[in-house]
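Student: First the structure, then my questions, so here it is.
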């Protein structure tokens, strides 16, 4: 598998994202081939979908003020997190542990980084539909069969630092099921499924970086994936009650679904 950094201009809400990506690829003399994948940072998708929110546009609730004081956060920021999250389990200084779109993540994806001062970026409204739309437009422009991932960073329990996670996947099967197979010693495999899309997201995240790299796109070639036209977004997720981590946290959640 090969991964190529794609540097772009500073992307603004008025920009056409697909056009910007294709221009950047052309400038770097990278040509899309059949079977390639494009991993795209959720931040630039959010920016072009105008998913930026002004902190001063919200009035913090009493709950937001209480959580902000407890976890050393801005009350306005916490109010936006409350609006964006499905559950809040608790937190540490500067971060709330939340459930957003059935993904366990910090601050419901609400992020201060790489946005104009006084604003925060939210996740795309529907990352799956965004991935499908981007894939369709790229295929129309290039004539090539490709896959698209919209990715963000996340933390892993008891591990320092961030890795990648695929929020939206189009054009390839995101999970490989090893259940009912055999291991090296002929023993049955009962629960193992391989999160292919998240592994690719992590590889892309490694090259994108987390600050001022201005590399929101990674071209992935020869990835061990099976291309397909339809992806079931539910195939990448399990319910909180099935999850090794969130099942233990459910009874301790401090915010019920809105």
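Student: Compute the Rg/Rh shape ratio of the stretch 27-140: radius of gyration over Kirkwood radius, all on alpha-carbon atoms.
Tutor: On the way: Rg = 16.8 Å, Rh = 15.6 Å.
Here the Rg-to-Rh quotient is 1.07.
Student: Now for a different question. Calculate the tail of P(r) for the stretch 33-87: the fraction of all Cα-Cα distances greater than 14 Å, expressed in %. Intermediate values should be presented prior to the final figure.
Tutor: Values: 943 of 1485 pairs.
That fraction is 64 percent.
Student: In whole angstrom, note down how far apart the Cα centers of the stretch 187-209 and the stretch 133-158 are.
Tutor: 15 Å
Student: Now a separate question. Pairs of Cα atoms under 8 Å, at least six residues apart: use those to get the relative contact order of the chain, whole percent. Intermediate results must be reported in sequence, preceding the final value.
Tutor: Values: 489 pairs, mean separation 65.9, N = 258.
Computed over the chain, the figure is 26 percent.
Student: R0 = 22 Å: FRET efficiency of residue 226 with residue 190, Cβ-based, nearest 0.05? Write out the running numbers ahead of the final one.
Tutor: Numbers: r = 23 Å, r/R0 = 1.03.
E(calc), rounded to 0.05, equals 0.45.
Student: Still on this model: Find the relative contact order for the stretch 89-242 and round it to a whole percent, using C-alpha pairs within less than 8 Å whose residues are 6+ positions apart. Mind showing how you got there, number by number?
Tutor: Numbers: 230 pairs, mean separation 29.1, N = 154.
Normalised by residue count, the contact order of the stretch 89-242 is 19 percent.
Student: Which shape class applies to the chain: rounded if a/c is under 1.5, otherwise prolate when a/b exceeds b/c and oblate if not, where a ≥ b ≥ c are the square roots of the Cα gyration tensor eigenvalues?
Tutor: Values: a/c = 2.13, a/b = 1.18, b/c = 1.81.
Here the chain falls in the oblate category.
Student: Take residue 92, project a point 7 Å from its Cα along the Cβ direction, then tell me which residues of the stretch 214-253 have their backbone nitrogen under 18 Å from it.
Tutor: 245-246, 249
Student: With an 8 Å cut-off on Cα pairs and a minimum separation of 6 or more residues, tell me the relative contact order of the stretch 97-183 in percent.
Tutor: Numbers: 103 pairs, mean separation 18.2, N = 87.
That works out to 21 percent.
Student: Counting only helical runs of four or more DSSP H residues, what would the 222 nm mean residue ellipticity of the chain come to if each run contributes -39,500 (n - 2.57) and the total is spread over all its residues? Walk me through the numbers before you get to the answer.
Tutor: Numbers: 7 runs with 71 residues, N = 258.
Helices in the chain give a 222 nm mean residue ellipticity of -8000 deg cm²/dmol.
Any read-out appearing in this document is the output of simple, stated calculations on the displayed coordinates, not a laboratory observation. All figures in this text were calculated on a predicted structure; none of them were measured in a lab. Heads up, the Cβs are rebuilt from the backbone with ideal geometry, glycines too, and the neighbour counts pull from every protein chain shown.
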